[in-house]
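Chemist: This structure is in structure tokens; I'll ask about it shortly.
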Amino acid sequence: PPAECGACVHQSFVRLSRSFHWLLVVGSFDSSALLVLAATAKTSSCMHRTAARCLTTLARGMIDLRRGHPPTAELPHAALAKACAAAATDLTSNAEAGLAIQYGAPRGCASHLDTLQRWLERRYGSMVRRDGLFTTNGASHGLELCAAALTAPGDEVVMEAPTYFLAAQVFRDHGLSIRSAPVDAGGLDVDALERALRAGTSRPKALYVVPRHGNPSGASLDKDRRAKLAALAREFGFYVFADDVYHLLDWSSAPLRRLLEYDAAYASGESAGGGDSSDPAAAAGGDTAALAIPDDARVVSISSFSKVLAPGLRLGWIEAAPSIVAAVARRGYVVSGGGCAPFTEQIVARVLESGDADTHLDAMRRRCRSRCDALLGALDDAADVLRPLCRPTGGFFVWVEILVEGVTAARLRDACAEDVAFLVGDACDCDGLPIGDVAPACLDRHLRLCFAMLDENELVEGVARIARRARELR
């Protein structure tokens, strides 16, 4: 289009926004009025593609099944406000509280890690090693730290196909070669991985997996696959970066042990010195032999408060055998900067200690379960055109196959553009060569739906719209 069209569109939107404001003020705003405006807009050469679509979207109400965020309105505003107020008061009334705004210990504030250990043990129902915890600025930061500390440029990393669509760039930033492994309704195909390892077609330094309620698959590795994966990691000497951000968002009748608990080094009594000192320089010193990582220390659990509390806190943790944590803690920028978030740790520790975190997480699990059930029910009603890979019992997502011959997710997305959004399967491709004899599924005929953000009625209507468009494309 001509350059002046941009200004024309802008001016038109300004006029339209003023009209919308007037309609709202006088109480005459309804969807039929917007549809009329949309039809009129299509006659304008400058704005027919942009304004008409926006007007139609406003009229029908865009249903966003794409974003994998917790709903803003349901975040624990009051609990965090209370914790922030108490932490702020402490700064002027408690001399020791001033340490929260000083440089912190590289692994994290000792009192926060104590609180985190107790809370995780209660929520997981299993042992959590205090000397195996390390504070991060969230799961992505944890993944970045692990890639930096445990891999080198040119190393191979295996990812699931489909995988969390933003993780691959972390590995590319470190010069790693990405390979893909297939996923089925039980999660990562560990048998296919074993065949590739034994055939020598894959020699990874690390493997990235979402073992519980996967993003985007919704699938979970059962106990046999977990045990086998940990055993393969020990035998073939690669690390497993287990993205556990959805592990606590579980409503199944039989919760699974974390993959980390199958790591012999984590379960053993091996320990590593250093790292708890509040002085980063002191933490960096000591016997360099402490940096050695035992051959059987293989699994790293990477998690975060982003899904179970609030993403804006930018607080998470790494959990691993102490020797792995020591190696991460001795990264140059960690030693230089100290702890990641000392003041935020104090705020979150209060939320954990007060029970507010439990109240929020339990309510969130109930809501997500109800929403997931509604989404799966809607997919059952659309079984002629849409089929879920599995029926998740936790997490945020359902992975759906399009059953209409010749219809790709991109084509269906374009057909749905005016009133429903989802993530196309191709976006969840790590773009890595397959590891062996089982090629990953054709992702361009799949889509990811998030059930966490919307209420049950919106989820049902969103699936109905997608199914209707899919049938129209037959």
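Chemist: If I ask for residues that are over 21 Å from Leu176 (Cβ atoms) and either hydroxyl-bearing (Ser, Thr, Tyr) or surrounded by fewer than 22 Cβ atoms within 10 Å (Cβ to Cβ) (or both), which ones from region 218-233 would you list? Show your work before the answer.
Modeler: So in region 218-233, the residues over 21 Å from Leu176 (Cβ atoms) come out as 218-228, 230-231.
Residues satisfying the conditions are Ser220, Asp222, Lys223, Asp224, Arg225, Ala227, Lys228, Ala231.
Chemist: Can you name the residue in region 48-68 that is among the aliphatic types (A, V, I, L, M) and modelled with pLDDT of 70 or more and, of all such residues, is farthest from Phe165 (Cα to Cα)?
Modeler: Residues of region 48-68 among the aliphatic types (A, V, I, L, M): 51-52, 55, 58-59, 62-63, 65.
This time we only want the ones that are modelled with pLDDT of 70 or more, so: 62-63, 65.
Values: Met62: 23, Ile63: 21, Leu65: 16 Å.
That would be Met62.
Chemist: Another question, then. Considering region 200-244 alone, what residues qualify as being among the aromatic types (Phe, Trp, Tyr) and either part of a loop (DSSP other than H, G, I, E, B) or assigned by TED's automatic domain parsing to the domain that holds Cys430 (or both)? Explain how you work it out, then say what you get.
Modeler: Of all residues in region 200-244, those among the aromatic types (Phe, Trp, Tyr) come to 208, 236, 238-239, 241.
Correct list: Phe238 only.
Yes or no, residue by residue, for (1) touching a Leu at 6+ places or on another chain (Cβ under 8 Å); (2) aromatic (Phe, Trp, Tyr); (3) under 24 Å from Cys450 (Cα atoms):
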| residue | (1), (2), (3) |
| --- | --- |
| Gly142 | no, no, yes |
| Leu150 | no, no, no |
| Met159 | yes, no, yes |
| Ser177 | no, no, no |
| Ala181 | yes, no, yes |
| Ala185 | yes, no, yes |
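Chemist: How many residues are touching a strand residue (DSSP E or B) at 6+ places or on another chain (Cβ under 8 Å), crowded, with 18+ Cβ neighbours inside 10 Å and of a type outside the set (Lys, Arg) when one looks only at region 396-418?
Modeler: First, the residues of region 396-418 that are touching a strand residue (DSSP E or B) at 6+ places or on another chain (Cβ under 8 Å): 396-403, 408-410, 412-413.
Filter once more, so that each one left must be crowded, with 18+ Cβ neighbours inside 10 Å: 396-400, 402, 408-409, 412-413.
Of the ones still in play, those that are also of a type outside the set (Lys, Arg) are 396-400, 402, 408-409, 412.
Residues that pass the stated criteria total 9.
Chemist: Same structure again: Taking only region 438-474 into account, find how many residues are touching a Ser or Thr at 6+ places or on another chain (Cβ under 8 Å) and assigned to a loop (DSSP other than H, G, I, E, B).
Modeler: If we filter region 438-474 for residues that are touching a Ser or Thr at 6+ places or on another chain (Cβ under 8 Å), which is where we start, we get 440, 444-445, 456.
With the extra rule that they be assigned to a loop (DSSP other than H, G, I, E, B), the set shrinks to 440.
Adding up the residues that qualify gives 1.
Chemist: Within region 384-397, can you find the residues that are touching a helix residue (DSSP H, G or I) at 6+ places or on another chain (Cβ under 9 Å) and not in a strand (DSSP E or B)?
Modeler: Matches in region 384-397: Asp384, Val385, Arg391, Pro392, Thr393, Gly395, Phe396.
Chemist: While we're looking at this one, here's another question. Scan Val404, Val420, Val400 and give me the residue that is of a type in the set (Val, Ile, Thr), touching a helix residue (DSSP H, G or I) at 6+ places or on another chain (Cβ under 7 Å) and more than 13 Å from Leu449 (Cα to Cα).
Modeler: Values: Val420 fails: more than 13 Å from Leu449 (Cα to Cα); Val400 fails: more than 13 Å from Leu449 (Cα to Cα).
The conditions single out Val404.
Chemist: Regarding region 182-196, can at least one residue be identified that is in a loop (DSSP other than H, G, I, E, B), touching a Lys or Arg at 6+ places or on another chain (Cβ under 6 Å) and either surrounded by 19 or more Cβ atoms within 10 Å (Cβ to Cβ) or among the charged types (D, E, K, R) (or both)? First the steps, then the outcome.
Modeler: To start, the set of residues in region 182-196 that are in a loop (DSSP other than H, G, I, E, B) comprises 185-186, 189.
Subsequent filtering for residues that are touching a Lys or Arg at 6+ places or on another chain (Cβ under 6 Å) retains none.
Within region 182-196, not a single residue is in a loop (DSSP other than H, G, I, E, B), touching a Lys or Arg at 6+ places or on another chain (Cβ under 6 Å) and either surrounded by 19 or more Cβ atoms within 10 Å (Cβ to Cβ) or among the charged types (D, E, K, R) (or both).
Chemist: Looking at this structure, is Asp155 over 18 Å from Pro322 (Cα atoms) and more than 21 Å from the chain's Cα centre (by Cα)?
Modeler: Working: over 18 Å from Pro322 (Cα atoms): yes; more than 21 Å from the chain's Cα centre (by Cα): yes.
Spelling it out, Asp155 is indeed over 18 Å from Pro322 (Cα atoms) and more than 21 Å from the chain's Cα centre (by Cα).
Chemist: If you don't mind, there's one more thing I want to ask. When you check Gly138 against the structure, is it on the phi > 0 side of the Ramachandran plot, crowded, with 20+ Cβ neighbours inside 10 Å and of a type in the set (Gly, Ala, Ser), yes or no? Explain how you work it out, then say what you get.
Modeler: On the way: on the phi > 0 side of the Ramachandran plot: yes; crowded, with 20+ Cβ neighbours inside 10 Å: yes; of a type in the set (Gly, Ala, Ser): yes.
When the stated conditions are applied, Gly138 passes them.
Chemist: Continuing with this model, one more query. Suppose we keep only residues that are surrounded by fewer than 19 Cβ atoms within 10 Å (Cβ to Cβ) and assigned to a loop (DSSP other than H, G, I, E, B) within region 69-117. Which one would you say is modelled with the lowest pLDDT?
Modeler: In this case the residue turns out to be Asn94.
Chemist: Could you tell me whether any residue of region 156-170 is part of a strand (DSSP E or B), within 21 Å of Arg298 (Cβ to Cβ), free of Cβ contacts under 8 Å to residues at least 40 places away in the same chain and not hydrophobic (A, V, I, L, M, F, W, C)?
Modeler: Looking only at region 156-170, we keep the residues that are part of a strand (DSSP E or B), and these are 156-161.
Imposing the further condition that a residue be within 21 Å of Arg298 (Cβ to Cβ) reduces the set to 156-160.
Those still in the list that are free of Cβ contacts under 8 Å to residues at least 40 places away in the same chain too: none.
There is no residue in region 156-170 that is part of a strand (DSSP E or B), within 21 Å of Arg298 (Cβ to Cβ), free of Cβ contacts under 8 Å to residues at least 40 places away in the same chain and not hydrophobic (A, V, I, L, M, F, W, C).
Chemist: Something else: Looking at Ala321, Ala349, which one is buried (at least 16 other Cβ atoms within 10 Å of the Cβ) and at pLDDT below 95? Working first, answer last.
Modeler: On the way: Ala349 fails: at pLDDT below 95.
None of the other options fit; the residue is Ala321.
Chemist: Still on this structure, please answer the following. Could you tell me which numbered condition Leu133 fails, if it satisfies all but one of (1) under 16 Å from Cys340 (Cα atoms); (2) touching a Leu at 6+ places or on another chain (Cβ under 7 Å); (3) surrounded by fewer than 22 Cβ atoms within 10 Å (Cβ to Cβ)?
Modeler: (3)
Chemist: With respect to Asp250, is the statement that it is outside the structural domain of Thr393 (by TED's automatic domain parsing) and modelled with pLDDT of 85 or more true?
Modeler: Details: outside the structural domain of Thr393 (by TED's automatic domain parsing): yes; modelled with pLDDT of 85 or more: yes.
The answer is yes for Asp250.
Chemist: Can you tell which of Ala441, Ala378, Ala464 is over 22 Å from the mean Cα position of the chain (by Cα) and under 30 Å from Ala254 (Cα atoms)?
Modeler: Of Ala441, Ala378, Ala464, the one residue that is over 22 Å from the mean Cα position of the chain (by Cα) and under 30 Å from Ala254 (Cα atoms) is Ala378.
Chemist: Continuing with the same structure: From the list Ala382, Ala464, Ala427, Ala410, exactly one residue is out of contact with any Leu (no Cβ under 7 Å at 6 or more places or on another chain), in contact (Cβ under 8 Å) with a residue 60 or more places away in the chain and within 30 Å of Arg179 (Cβ to Cβ). Which is it?
Modeler: Details: Ala382 fails: within 30 Å of Arg179 (Cβ to Cβ); Ala464 fails: within 30 Å of Arg179 (Cβ to Cβ); Ala410 fails: in contact (Cβ under 8 Å) with a residue 60 or more places away in the chain.
Answer to the check: Ala427.
Chemist: For Arg179, indicate whether it is basic (Lys, Arg), surrounded by 22 or more Cβ atoms within 10 Å (Cβ to Cβ) and touching a Phe, Trp or Tyr at 6+ places or on another chain (Cβ under 6 Å).
Modeler: Details: basic (Lys, Arg): yes; surrounded by 22 or more Cβ atoms within 10 Å (Cβ to Cβ): yes; touching a Phe, Trp or Tyr at 6+ places or on another chain (Cβ under 6 Å): no.
Considered against the rule, which asks whether it is basic (Lys, Arg), surrounded by 22 or more Cβ atoms within 10 Å (Cβ to Cβ) and touching a Phe, Trp or Tyr at 6+ places or on another chain (Cβ under 6 Å), Arg179 comes out as no.
Chemist: Next question, about the same structure. Mind checking whether some residue in region 118-126 is surrounded by fewer than 17 Cβ atoms within 10 Å (Cβ to Cβ) and either modelled with pLDDT under 95 or more than 27 Å from the chain's Cα centre (by Cα) (or both)?
Modeler: yes
Chemist: Take Glu156 and tell me if it is crowded, with 19+ Cβ neighbours inside 10 Å and farther than 22 Å from Cys340 by Cα. Spell out the reasoning first.
Modeler: Values: crowded, with 19+ Cβ neighbours inside 10 Å: yes; farther than 22 Å from Cys340 by Cα: yes.
Here the answer is yes, as Glu156 does meet what is asked.
The values are calculated or read from the model by the stated rules, or taken from the named source; none is laboratory data. Computed from a predicted model, the values in this text were never measured in an experiment. No Cβ is skipped: glycine too gets one built from the backbone with ideal geometry, and neighbour counts run over all protein chains shown.
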